[in-house]
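Okay, structure first, notes after.
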Amino acid sequence: PRMTIAVSHRGTDKKAETSVATIEKYFEKIDDFLDDGDYGADLAIWAQPEEKSVADKLKHKYPGLVVMDEFYLTAQSEKMSDFDNPKDGYDKAFDAETMMLMFSKCYYFIKNSSNLSDLAAGLSVGNVSLVT
């Protein structure tokens, strides 16, 4: 985790509540961290967006980027319901807790507004950047 940029993009139900930064706004932060003289060239990127289309844009821009298949991605770009995720409540909660802990351990953490990423930022041992 020390050599990882974690990217959390909440983009489904947040669209109805607030203005959501596009994933392209994250690119500048990611590029800044990759250009860091101390670690940049050796950093891995782990992204966990909610939407498959956002994951595809990230993978296109950063071919070595990892999106973990274990966590649910929706094909929708609008409001997502908990009912869209086929996992049961226990598995959803376990995934959320696991993701939060993993985000908090990464050296760089880029996020927008979400309860899960806010908690991860509070537990973070690294550098947290908020994209608005």
- Task: Express in nm, to one decimal, how much length is gained between Asp36 and Ser53 on full extension, taking 0.36 nm for each residue of separation and deducting their alpha carbon distance.
- Result: 3.3 nm
- Message: Quick check: with the 1.4 Å probe, what order do Asp35, Asp118 take by accessible area, largest first?
- Response: Asp35, Asp118
- Put Phe109, Phe27 in order of accessible area, largest first, 1.4 Å probe: what do you get? Phe27, Phe109
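The values are calculated or read from the model by the stated rules, or taken from the named source; none is laboratory data. Source: prediction; values computed, not measured. When the accessible area is computed, the model is the full protein with side chains, heavy atoms only, and any ligands, DNA or RNA have been set aside. Shrake-Rupley method; radii C 1.70, N 1.55, O 1.52, S 1.80 Å.
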